[in-house]
Amino acid sequence: MFGIGELTILLLVIVAVLAVKRLPDLMRSAGKAARILKSEKQALKDEADDRPRPAPHVIRGETTERDAP
């Protein structure tokens, strides 16, 4: 029969033929979603960098990191 690669290509061709009118809108929406996810990821990273780090504490002469609450 067909392999995974051939089925994938066939499916993509069928989707492209049937959805040729909606494909630009679909790609535009996917681009917007990717930009939103990227900006949210950056915001979370910036927020994590702004949080103060817990001070290390000493147990029997060894310095260890405190567990985050």
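Sub-9 Å Cβ pairs linking a first residue in the stretch 1-18 that is part of a helix (DSSP H, G or I) to a second residue that is open to solvent by 90 Å² or more (accessible area, probe 1.4 Å) and aromatic (Phe, Trp, Tyr), at least 6 apart or interchain, are Leu10/Phe2, ordered by first then second residue. Filtering the stretch 25-53 to residues that are charged (D, E, K, R) and open to solvent by 90 Å² or more (accessible area, probe 1.4 Å) leaves Arg28, Lys32, Arg35, Lys38, Glu40, Lys41, Lys45, Glu47, Asp49, Asp50, Arg51, Arg53.
The values are calculated or read from the model by the stated rules, or taken from the named source; none is laboratory data. From a predicted model like this one, the values you see are computed outputs, not experimental measurements. FYI the Cβ positions are ideal-geometry reconstructions off the backbone, even for glycines, and counts take in every protein chain you see. When the accessible area is computed, the model is the full protein with side chains, heavy atoms only, and any ligands, DNA or RNA have been set aside. Shrake-Rupley method; radii C 1.70, N 1.55, O 1.52, S 1.80 Å.
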